[in-house]
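No lab work stands behind these numbers, since they all come straight from the coordinates. What you are looking at is a predicted structure, and each value in this text was computed from that prediction instead of being measured. Backbone-built Cβ (ideal geometry, glycine too); neighbour counts: all protein chains shown.
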């Protein structure tokens with residue numbers, strides 16, 4: 001069989017290549033360019049090799065930011081996923097309340113990140129904010145602008161408020177797709193409510209939950225705007241997550257080399273975790 | 001095992017039913033003998049599944065009582081009724097092995113593990129599932145999964161009745177026959193009461209000793225396949241069962257004589273419909289219509305050759321009559337005369353037979 005070759009077909013790919021080049025490849029290559037050189041402005045560059053990468057990977061500052069990032073992502077996943085499933089389970093499956101619940105759940109997702117940050121900033125201020133004053137009125141000393149624990153609590157709470165809905169909506173969609181016959185069969189088999197959850201609902205939710213966890217991991221691992229507006233990374237550096245630290249290095253200190261190296265490391269971590277997720281997901285599908 | 005009785009069961013999905021059309025089940029009185037194989041046959045939407053769910057306890061009827069062995073169980077929840085049900089789509093617990101799936105109903109009831117082992121092995125043997133006991137249930141084919149659904153019902157030795165809700169819908173045609181024979185074999189072997197819901201007359205007639213025909217929320221006839229064929233109680237039964245279905249032709253009754261398009265017709269019905277009957281018809285199966293020089297004139301419009309016999313469609317006035325004609329019989333061209341076998345021709349008044 002002879003294969004017809006028509007190289008003109010490549011022209012159809014050109015627009016996409018140009019687009020991807022300008023919005024992704026070229027900016028990324030600029031970062032790669034900065035990450036292996038030193039510059040003092042005026043477009044004068046000195047070759048540095050992998051020095052910046054070594055510096056970043058060995059710096060205590062990066063380790064601390066990385067650990068903070070892991071702790072934050074771990075915490076919000078540990079809260080949002082079970083909470084999301086719980087809320088989805090308790091939502092009505094039919095009737096007029098369904099749309100009310102769905103709209104309520106979708107509301108936080110529609111608010112821009114910086115607005116969420118500003119809202120929580122004012123809400124949690126100890127002197128004028130409702131939450132801040134309320135907690136202090138209970139006799140608990142709370143001031144997120146000065147106490148690391150309070151700052152963390154507020155940041156986590158803000159993220160839970162903003163993003164649990166996403167898990168709820170995905171889990172709810174998953175729950176709605178389980179046929180009634182499963183619940184009827186479970187009744188006939190004498191299964192307890194826990195068995196129904198563990199043997200029917202959770203396994204059927206596996207796929208949507210994998211997506212939910214993946215989305216929440218990526219989003220929270222790259223979180224910037226909300227903590228930047230809420231705490232600005234403070235008090236001190238206690239809520240300085242990777243992206244906030246990166247902006248401080250790049251735009252605050254103007255250390256373009258280390259910042260570029262850190263960007264790439266950051267990028268590869270996210271890529272690696274997504275790849276692991278994807279592989280695990282695919283392996284489960286095959287079984 | 002148990003005898004199941006339904007007393008004046010009515011059900012409506014509406015909160016405030018008023019008109020008869022509001023009821024999915026109009027009024028059902030039925031008795032299912034212990035150890036019987038019953039088929040519930042009817043078109044989609046006639047209330048079969050509603051009736052099944054009332055027996056299994058997934059639905060509580062709006063009115064009437066459900067009795068198991070003469071004990072009222074109308075308000076008893078599904079779990080305590082000791083019933084098993086196989087659904088249209090196979091229900092398996094994906095994360096468990098085939099063994100654990102079969103053991104699930106027993107373990108939920110706190111039965112000793114040694115007995116669970118023994119029972120599961122036994123049932124797996126009956127269903128030819130022994131080789132896949134250690135496999136994950138999610139990896140099985142549709143018929144394998146449907147066998148697991150059935151097996152979860154069979155493992156319990158306290159089941160009163162096993163109900164099948166169109167269980168072969170998603171099974172490949174060549175496996176349907178095998179699974180159906182398996183069901184029949186299990187019924188003989190275990191002597192369990194089985195109720196099989198279907199809209200497929202072949203499935204119903206081959207599976208059941210007694211077929212319950214439902215139409216529009218009521219039971220129109222209960223009988224053996226032969227009874228349903230030879231003595232349909234209702235024009236619906238005549239039409240629904242048999243291929244092709246019974247010919248239903250309008251007729252007039254005057255002074256005890258039945259006339260179809262002006263021709264007197266002899267029938268097996270000795271009674272005559274009351275004067276209040278809005279609609280009088282005669283019913284005769286295509287098998288009992290024949291060419292007869294002394295019959296009434298018809299026009300032949302179509303002949304279908306099915307190999308062993310032919311189906312001839314004839315017409316008089318605006319009525320069409322189907323007849324089954326032996327292969328070696330010659331068929332007159334265009335116009336002919338036909339008559340009905342009096343022993344197999346009955347009068348129906350408003351749909352119900354007049355005897």
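Using alpha-carbon positions, what is the distance between the centroids of the range A:64-104 and the range A:122-193, in Å?
Measuring centre to centre over Cα atoms gives 6 Å.
Can you give the extra length, in nm with one decimal, that the chain gains between residue A:63 and residue A:193 once fully stretched, where that is 0.36 nm per residue apart less the Cα-Cα distance?
This chain segment gains 42.4 nm when fully extended.
So if the hydrodynamic radius of chain A is defined as the Kirkwood radius over C-alpha pairs, what does Stokes-Einstein give as its diffusion coefficient at 25 °C and 0.890 mPa s, in µm² per second?
For these conditions, the coefficient is 109 µm²/s.
Out of all DSSP beta bridges with both ends in the protein assembly as shown, state the antiparallel percent to the nearest 5.
75
State the extension gain, in nm to one decimal, for the chain segment bounded by residue A:283 and residue A:104, taking 0.36 nm per residue of separation less the distance between their alpha-carbons.
60.8 nm
Taking Cα atoms of chain B, Rg/Rh with Kirkwood Rh, to two decimals?
Ratio value, two decimals: 1.07.
Nearest 0.05, what FRET efficiency do residue A:138 and residue A:224 give at R0 = 35 Å with Cβ-Cβ as r?
The calculated FRET efficiency here is 0.65.
Using Cα pairs closer than 8 Å and at least 6 residues apart in sequence, work out the relative contact order for the range A:50-286, in percent.
Here the relative contact order equals 29 percent.
May I have the convex hull volume per residue, in Å³, for the Cα set of the range B:284-343?
Measuring per residue, one finds 83 Å³ for the Cα hull of the range B:284-343.
Cα convex hull of the range A:121-190: mean projected area in nm², to one decimal? Write out the running numbers ahead of the final one.
Details: hull surface 30.5 nm².
It is 7.6 nm².
In nanometres, what is the gap between the two model label sites at residue B:19 and residue A:4, each 7 Å from Cα along Cα-to-Cβ?
About 6.3 nm separates the two model spin labels.
Please compute one quarter of the surface area of the Cα convex hull for the range B:123-268 and express it in square nanometres. It would help to have the intermediate numbers written out before the result.
Working: hull surface 47.5 nm².
Seen from a random direction, the Cα hull of the range B:123-268 projects 11.9 nm² on average.
Using the Kirkwood formula over every pair of different C-alpha atoms, what hydrodynamic radius in Å results for the range A:1-125?
21.4
Please report the spacing between the Cα centers of the range B:67-101 and the range B:275-297 in Å, no decimals.
47
Which of these, B:188, B:26, B:145, has the largest mean-square fluctuation under a Gaussian network model of chain B (Cα springs below 10 Å)?
Fluctuation is largest for B:188.
Points 7 angstrom from Cα along the Cβ direction at residue A:177 and residue B:34: gap in nanometres?
4.7
Measuring from centroid to centroid over Cα atoms, what is the spacing of the range A:230-269 and the range B:1-54 in Å?
70
How crowded by other chains is A:196-209, given as the mean number of beta carbons from other chains within 10 Å of each beta carbon?
Counting other chains' Cβ atoms within 10 Å and averaging over A:196-209 gives 2.
Per DSSP helix of 4 or more residues, -39500 (n - 2.57); summed, then divided by the residues of chain B. What does that give at 222 nm, rounded to the nearest 500?
Here the helix-only value at 222 nm equals -7000 deg cm²/dmol.
Under a 10 Å cutoff between Cα atoms, tell me which one of B:300, B:241, B:282 has the largest fluctuation in the Gaussian network model of chain B.
The residue that fluctuates most here is B:300.
Taking the inverse of the average 1/r across all pairs of different Cα atoms in the range A:207-273, what Kirkwood radius in Å do you get?
Taking every pair of different Cα atoms in the range A:207-273, averaging 1/r and inverting gives 13.0 Å.
With a 10 Å cut-off between alpha carbons and a GNM built on chain B, which of B:158, B:216, B:292 moves the most?
Of the options given, B:292 has the highest mean-square fluctuation.
Determine the gain in length on full extension of the stretch residue B:304-residue B:206; use 0.36 nm per residue of separation and subtract their C-alpha separation, reporting nm with one decimal.
Between residue B:304 and residue B:206, full extension yields an extra 32.7 nm.
What list do you get for A:62, B:288 if you sort them by fewest beta carbons within 10 Å? The partial results should precede the final answer.
Details: A:62 21, B:288 18.
Ranking A:62, B:288 by Cβ neighbours within 10 Å, fewest first, gives B:288, A:62.
Using only the alpha-carbon atoms of the protein assembly as shown, report the extent along each of the three principal axes, biggest first, to the nearest angstrom.
The Cα atoms of the protein assembly as shown stretch 118, 72, 52 Å along their principal axes.
Do you know the relative contact order of chain B, to the nearest whole percent, from alpha carbon pairs under 8 angstrom that are 6+ apart?
Details: 733 pairs, mean separation 57.8, N = 355.
Relative contact order, chain B: 16 percent.
So what does log10 I(q)/I(0) come out to for the range B:1-73 at q = 0.13, 0.20 Å⁻¹, using the Debye formula with one equal point on every Cα and no solvent?
Log10 of I(q)/I(0), two decimals: -0.37, -0.85.
So how do B:257, A:39 line up by other beta-carbon neighbours within 10 Å, fewest first?
Result, fewest neighbours first: B:257, A:39.
How far is it, in nm, from the label point at residue B:270 to the one at residue B:158 when both lie 7 Å from their Cα along the line to the Cβ?
It is 5.3 nm.
Based on alpha-carbon atoms only, what is the radius of gyration of the range B:244-354 relative to the globular estimate 2.2 N^0.38 Å?
Output field value: 1.07.
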